[in-house]
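The structure appears right after this line, and notes come after that.
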Amino acid sequence: MSPQPRVRVLATGGTIAMRFDPATGGSVPALTGAELTAAVPGLQLIGQIEVEEIANIPSEHMKPDFWLHLARHVQELAASGDVDGIVILHGTDIMEETAFFLDVTVPTPMPIVFTGAMRSANEPKADGPANIFDAAAVAVSPDARERGVLIVMHGDIHSARRVTKIDTSAVDAFESVMPPDLGTVRSGLVEFSAAWSPRVHVPLPEQLPRVDIITMYAGVDDFALRAALDRGAAGLVVAGVGAGNVNPALFHGITDALATGVPVVISSRVPYGGAQPLYSYAGGGMALRRAGAIFARDLNPQKARVLLMVGLGAGYDRSELEGLFG
Ligand code: DAS
């Protein structure tokens with residue numbers, strides 16, 4: 001009988017590891033990764049499961065330094081030959097950012113699968129156990145190799161690049177924008193569609209510079225933009241409206257930032273369609289492009305920030321950054 005595939009589960013926390021606390025009226029961190037995996041019926045039939053307790057924090061507490069530590073550890077595991085697939089248990093609020101960071105900085109063909117839960121472990125219909133089972137089934141699937149980092153939630157398989165959280169409470173809270181999901185997993189049956197997701201790789205930097213996101217909304221001025229620059233932001237991401245447009249106040253702030261050599265990436269508040277330069281009036285996308293801004297295309301603002309941080313951390317100049325964003 002062929003040896004069981006070796007699955008390493010890295011537990012970082014999140015709702016999946018929480019319990020509702022009647023004393024405080026809310027959910028709080030409560031369970032280890034070992035307790036979570038031990039409570040999943042049939043998990044041992046999927047593979048040889050080994051759990052590491054990396055952290056037990058809500059994902060809002062994640063910081064870029066944690067990303068660097070996690071990426072180095074995943075790189076070591078991928079190179080060790082001791083592991084066939086990795087499952088990372090993580091909070092859902094920041095999951096897409098951490099997953100995309102590893103997708104960009106850890107170019108292994110090995111399946112790296114994130115999952116979490118929308119309900120705490122002691123809530124009715126807790127979704128954590130099923131998500132752990134599904135994530136492990138994907139992590140040992142030969143079809144999951146060379147796919148980049150994946151997020152598996154509610155039986156759907158998503159690429160780290162295209163997935164985003166679209167619902168604050170539903171168990172099917174994640175959706176892939178452009179193209180559809182990569183596939184499904186139902187009771188251990190893993191099926192990938194023909195969909196694909198582009199992937200870029202940047203060598204893992206030693207440090208990640210400060211990059212801030214500036215949001216466009218009616219009447220916004222350049223206060224937040226200039227405050228970010230005053231705090232030493234090495235790059236800016238703009239969550240524009242439409243396909244990537246801003247008002248004249250932000251436009252002038254952006255052109256000033258560009259003039260001082262600070263790269264500015266234009267993304268969009270809108271989840272579908274991506275950012276592209278369409279309008280030539282002051283603040284329109286084409287005016288921003290002509291001023292030297294880079295367009296994020298399919299990346300939402302939080303992921304464009306991840307890629308800009310990594311590119312700047314790796315020492316990329318403006319033309320290399322332009323290439324990175326495609
Ligand atoms: N507790 C929040 C987090 O850690 C939400 C969740 O995990 O679903 O991201």
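Every read-out reported here was derived from the displayed coordinates using simple, explicitly stated rules and does not represent laboratory data. The structure displayed is predicted, hence computed values, not measured ones. We place every Cβ from the backbone using ideal geometry, glycine too, and count neighbours over all the protein chains shown.
For a modelled paramagnetic label at Ala39, 7 Å from Cα along Cα-to-Cβ, the residues of region 142-158 in reach, with backbone nitrogen under 19 Å, are 153-155.
Residues with beta-carbon under 11 Å from that of Phe100, excluding Phe100: net charge, scoring Lys, Arg +1 and Asp, Glu -1? Summing Lys and Arg as +1 and Asp and Glu as -1 gives +2. For region 224-242 and region 134-182, compute the distance between their C-alpha centroids and round to whole Å. With region 224-242 and region 134-182 each reduced to a Cα centre, they are spaced 30 Å.
Where Lys and Arg each count +1 and Asp and Glu each count -1, what net charge lies around Ala117 among other residues with Cβ under 10 Å from its Cβ?
Taking every Cβ under 10 Å from that of Ala117, the sum is -1.
Subtracting the Cα-Cα distance of Asp230 and Val200 from their residue separation scaled by 0.36 nm leaves 7.7 nm. About its Cα centre, the chain has a charge dipole of approximately 600 debye under the convention of +1 per Lys or Arg Cβ and -1 per Asp or Glu Cβ, with nothing else charged. With kT/(6 pi eta Rh) evaluated at 4 °C and eta = 1.567 mPa s, and Rh the Kirkwood radius from Cα pairs, the chain diffuses with a coefficient of 64 µm²/s according to Stokes-Einstein. Springs between Cα atoms under 10 Å define the GNM used for the chain, and in it the highest mean-square fluctuation of Val106, Val40, Val264 occurs at Val40. Annotation for Lys63 and Gln207: the two label points, set 7 Å from Cα along the Cα-Cβ direction, are 1.4 nm apart. Summing Cβ point charges (Lys, Arg +1; Asp, Glu -1) relative to the Cα centre of region 210-266 gives a dipole of roughly 120 debye. The alpha-carbon atoms of region 218-326, seen along their principal axes, cover 34, 31, 22 angstrom, with the largest extent given first. In the chain, the DSSP-assigned H stretches of four residues or longer account for a calculated mean residue ellipticity at 222 nm of -8500 deg cm²/dmol, using -39500 (n - 2.57) per stretch and the full residue count as denominator.
A straight chain from Ile166 to Met286 at 0.36 nm per residue would run longer than the Cα-Cα distance by 40.3 nm. Here's the picture: a label point sits 7 Å out from the Cα of Gln75 along the beta-carbon direction, and within region 171-208 the residues with their amide nitrogen under 17 Å of it are 200-208. If you take the Cα centroid of region 1-76 and the Cα centroid of region 98-115, the two points sit 16 Å apart.
Where a ≥ b ≥ c are the square roots of the eigenvalues of the C-alpha gyration tensor, would you call region 36-141 rounded, which needs a/c under 1.5, or, failing that, prolate if a/b is larger than b/c, or oblate?
On the way: a/c = 1.98, a/b = 1.15, b/c = 1.72.
Since a/c reaches 1.5 but b/c is at least a/b, the shape of region 36-141 is classed as oblate.
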